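The values are calculated or read from the model by the stated rules, or taken from the named source; none is laboratory data. Note that the structure is predicted; figures quoted are calculated from it, not measured. We place every Cβ from the backbone using ideal geometry, glycine too, and count neighbours over all the protein chains shown. Surface accessibility is based on the protein's heavy atoms, side chains included, excluding ligands, DNA and RNA. Shrake-Rupley method; radii C 1.70, N 1.55, O 1.52, S 1.80 Å.
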Amino acid sequence: MRIHEESLERIDNNQWNVHSAYSESDALELLDRHDYKVGLAHIDFTNPKQVQQTENIIISSHAEWVALLGQQDQLKQEQCKKAILNGFYDYHTLPTQLGILLNTLGHAYGMSTLKKNFADENLCLLNEDEMVGTSPAMRSLFSNIRKLARVDAPVLINGESGTGKELSALAIHERSGRRNAPFVAVNCGALPDKLIQTELFGHEKGAFTGAYQRKIGKIEAASGGTLFLDEIGDLPLEQQTSLLRFLQEKTIERVGSSSSLHVDVRVIAATHVNLEQAIQEGRFREDLYYRLNVVNLVVPPLRERVEDIEVLAKYFFNKFYSEAGNGVIGFSQQALRAMNDYTWPGNVREMINKVRRAMLMCESRLISATDLGLERRSTGKRRILTIDAARSNAEVEAIINSLRQSRNNISQAARTLDVSRVTLYRLMEKHSISI
Ligand SMILES: Nc1ncnc2c1ncn2[C@@H]1O[C@H](COP(=O)(O)OP(=O)(O)OP(=O)(O)O)[C@@H](O)[C@H]1O
Ligand SMILES: [Mg+2]
C-alpha cells in the first residue's frame with residue numbers, strides 16, 4: 001500500500017525482496033503467486049474501507065504483518081486499535097528510522113517461519129485421517145494400505161498388541177469400494193466356543209433351546225462390506241472348518257437352517273500370535289491360513305519406529321487437551337526422552353493410556369516422566385538403530401527438508417541433494433513421500 005518509493009527501495013537493498021501493491025486486488029493477486037513471510041501495510045487507518053480491505057488481504061496471507069501509521073493520534077481511535085491488535089505483529093509510527101523498521105521486519109520474519117514450521121509439523125501428524133506416523137515403516141504401511149484398498153483380496157494383519165491392527169483394517173475398508181457398506185469386527189478370542197458359531201453365522205428361530213428369534217450373524221451383517229476377524233489364532237478348530245467353507249463357497253448357513261445364503265464380504269483377519277507355529281502345533285488349519293493370508297500386512301511395534309513416538313504423543317495430547325483443562329501445555333524434554341527410551345510393550349494403546357493419565361494427573365504446566373509413570377522403567381539408553389534404518393531415516397529427512405525448502409520444486413530439491421531428478425523420484429517412491 002502507500003509508502004514512499006524511496007523507503008521501499010532502501011528496504012529492498014537490505015536483503016529483502018520487496019513487492020508492492022497499490023490496491024486490494026493487486027495485493028490479492030500477488031498473494032496468489034507468492035508465499036510471503038512478512039507484509040507491510042501503509043494505509044489510512046481512519047478509513048474504514050481501507051481497514052476492511054487490509055483485513056481481507058491479511059486473512060488471505062500466511063505472513064506476519066507490520067503496520068505503518070501515518071499519525072500518532074490514529075492509535076487513539078477505537079477502530080485503528082482494534083485493527084492493529086487483530087491483524088498485526090507490530091506497528092511503527094511514521095516517520096520511523098529504517099534501522100528500527102528493518103529490525104521489526106526481521107523479527108516478523110522469524111515469527112512467521114516459526115509458525116510455518118509448527119503448522120508443517122502438525123500437518124505431518126494427520127496422516128491418513130486418524131492414523132498418525134512419519135517413520136519410514138509407517139509411510140510404507142500407509143502406502144500398502146492404499147494399495148490393498150484397491151483390491152478385494154483377503155488380508156492377514158500381523159502385529160503385536162496395540163500396534164494398530166484394527167485401525168489398519170478399518171483404513172483399508174474406508175478407502176475401498178466397500179466403504180459405504182458395514183465394517184464388522186468380531187473378536188474370535190472373546191467368545192466361548194459354543195457361541196462363536198452363532199455369532200459368525202447367525203441362527204434361525206427355534207434352532208436350539210432359547211433361540212426365540214432369528215439372529216443375523218456377523219458375516220451376514222457385513223454383507224457388501226468388510227468382516228474383520230480379530231485374534232483369528234484363537235478361533236476354535238471346529239469354527240475354522242466352517243469359516244474355511246464360507247471362504248471357499250461364499251455362502252453361509254444360519255444355525256438351524258437347511259438352506260444356504262450367498263454373502264459377499266471381504267475378509268480381513270488379524271493376529272498377534274505366530275500362525276505358522278500354531279499350524280505346526282496343530283492348533284490352526286494350514287488350508288485356512290493360506291486362504292486368509294493372500295496378502296500379508298505387518299504393523300510394526302512402536303519400538304521399531306522410534307520417530308513416531310513424539311509425533312503420536314503430541315497427537316494424543318492435542319486430542320485429550322480439552323478434557324484435561326488444568327493448564328497443562330505440553331511435555332517436558334525429560335518426559336519426551338523417557339518416552340523415546342521406553343520399549344512400549346503395549347504399543348500405541350499403552351501410549352494413549354499413559355498420555356491421557358499424565359494429562360489429568362499433571363500438576364504443573366509440563367508433563368514429567370513421573371506423570372507418565374516412566375521414571376524408573378526407562379533404561380536411560382537411547383535405542384540403537386540398525387545402519388539400514390538409520391540410513392533410511394536420514395534419506396527421508398533430507399528429502400523432506402529439501403522439498404520443503406524448495407517449496408516442492410523437484411529440480412531444485414534434486415540439485416540441493418546432489419542427485420538427479422530421476423533418483424529423487426525413485427527415492428520418494430521408495431519412502432512413499434508424495435508432494
Ligand atoms: N498410528 C496410529 N495413529 C493414531 N492412533 C493409533 C495408531 N495406531 C493405533 N492407534 C490407536 O491405538 C489403539 C489401538 O489400536 P488398534 O485397536 O487398532 O490396535 P490392535 O493392534 O488391534 O490392538 P490389540 O492387539 O490390542 O487388539 C486404538 O485406540 C487406535 O485408535
Ligand atoms: Mg485389535
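Observations
- Among the residues making up the range 168-181, those that are assigned to a loop (DSSP other than H, G, I, E, B) and open to solvent by less than 70 Å² (accessible area, probe 1.4 Å) are Ser176, Arg178, Ala181.
- Some residue of the range 182-200 being more than 25 Å from Arg285 (Cβ to Cβ), modelled with pLDDT of 95 or more and assigned to a loop (DSSP other than H, G, I, E, B): yes
- Residue match in the range 159-168 (condition: within 16 Å of ligand 2 (Cβ to nearest atom), under 29 Å from Asn274 (Cβ atoms) and among the aliphatic types (A, V, I, L, M)): yes
- Subset of the range 352-410 (residues that are closer than 20 Å to Glu310 by Cβ, in a loop (DSSP other than H, G, I, E, B) and at pLDDT 80 or above): Cys362, Ser364, Arg365, Ser368, Gly373, Leu374
- Of all residues in the range 203-231 being more than 20 Å from Ser176 (Cβ to Cβ) and of a type in the set (A, V, I, L, M, F, W, C), the one that is least open to solvent (accessible area, probe 1.4 Å): Ala211
- Scanning the range 184-202 for residues that are within 13 Å of Ala270 (Cβ to Cβ) and either among the aromatic types (Phe, Trp, Tyr) or buried (at least 20 other Cβ atoms within 10 Å of the Cβ) (or both) yields Val186, Cys188.
- Top-ranked residue in the range 235-277 [being open to solvent by 80 Å² or more (accessible area, probe 1.4 Å) and within 16 Å of ligand 1 (Cβ to nearest atom); ranked as nearest to Pro301 (Cα to Cα)]: His272
- Pairs, first in the same structural domain as Lys354 (by TED's automatic domain parsing) in the range 325-336, second among the acidic types (Asp, Glu), C-beta under 6 Å, six or more apart: Leu336/Glu310
- Counting only helices (runs of 4 or more DSSP H) that fall entirely inside the range 230-319 and contain at least 3 residues that are among the charged types (D, E, K, R), the qualifying elements are 237-249, 286-292.
- Residue tally, condition open to solvent by less than 50 Å² (accessible area, probe 1.4 Å) and under 32 Å from the mean Cα position of the chain (by Cα), over the range 37-66: 9
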